[in-house]
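What follows is one structure encoded as structure tokens, with my remarks underneath.
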Amino acid sequence: MRLVLDTNVIIRAIRSPESASAMLIAEALNERITPLVSNALGLEYEAVASRPEHWVAPGFDRLAAERFPDALAEVSEPVNIAFRWRGELPDPSDDMVLEAAINGHAEALVTFNPRHFAGVTEQFGLALRDPRTIGQSGNRIGTGPLTVEIGDEMAEALAKAANDLGETEEQFVQHALAQRLKALEDNPFFARRRKGIDRKAARDWLLGRTGGEPPGPEDEVPPNYTRPR
């Protein structure tokens, strides 16, 4: 996925190593997403990363802070600016972010200030995403290495349900998975499957391809269960 990260996302990633912004940077370093960076935007990243107020709080030293934009540059795609934005954004410094997204043909612009770009991104078919929902909205949801693809409507429903419960989307997904796994544990059919029954043998038995008793211990099969004819 090709993304342009607003400077506020970079700041949050530096100041909060466990934040959604930091996880997004980790996805970039693992080459699961592609950040798009123009020369002006890259210089802005370097400027904010070098400010002590950002890297002292999480316990970084200056050398570590300087390595951050270098590491990001290694996995980013450079963007040459051919089209200049001539409109008016609430914050003039956002122009470079929008220009990088337009010229780099980004799929989404990731920011904590979507109102700064409201009404403009639609002109270029550019999606606005929050770092806290970029992994769920129209892309992927999950926890840890387990992820699945969902659409925008489901992502919006998920975000609303999580908000109604006062949870983050990640917490909501984790709780939903835990409830689902508990339901599976209470279901005899799934419990039998997890005990190692030969699935091919069971399928053959159901289809009448073999005779005799079904695979698995007798107490795993309902007493009134007969093979289909």
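Annotation: of all residues in region 17-39 being of a type in the set (A, V, I, L, M, F, W, C) and in contact (Cβ under 8 Å) with a residue 60 or more places away in the chain, the one that is farthest from residue 168 (Cα to Cα) is 37. Only one entry in 92, 69, 114, 131 is surrounded by fewer than 16 Cβ atoms within 10 Å (Cβ to Cβ) and under 23 Å from the mean Cα position of the chain (by Cα), namely 114. When 49, 82, 28, 73 are checked against the criterion of being over 22 Å from residue 102 (Cβ atoms), among the aliphatic types (A, V, I, L, M) and assigned by TED's automatic domain parsing to the domain that holds residue 129, 49 stands alone in meeting it. Entry remark, region 1-15: residues being in a helix (DSSP H, G or I), among the hydrophobic types (A, V, I, L, M, F, W, C) and surrounded by 20 or more Cβ atoms within 10 Å (Cβ to Cβ) number 4 in total. Looking at 65, 28, just one residue is among the hydrophobic types (A, V, I, L, M, F, W, C) and touching a Ser or Thr at 6+ places or on another chain (Cβ under 7 Å), and that residue is 65. For region 31-50, a tally of residues being farther than 24 Å from residue 80 by Cβ and modelled with pLDDT of 85 or more returns 1. Step by step: first the residues of region 95-111, then only those that are hydrophobic (A, V, I, L, M, F, W, C) and assigned to a helix (DSSP H, G or I), then the one that is surrounded by the most Cβ atoms within 10 Å (Cβ to Cβ). Which residue is that? Checked region 95-111; the qualifying residue surrounded by the most Cβ atoms within 10 Å (Cβ to Cβ) is 101.
Being more than 20 Å from residue 117 (Cα to Cα) and either at pLDDT 80 or above or buried (at least 17 other Cβ atoms within 10 Å of the Cβ) (or both) is the requirement here; does residue 22 meet it? Yes: the conditions hold for residue 22.
The values are calculated or read from the model by the stated rules, or taken from the named source; none is laboratory data. No experiment lies behind these values; they were computed from the predicted model shown. No Cβ is skipped: glycine too gets one built from the backbone with ideal geometry, and neighbour counts run over all protein chains shown.
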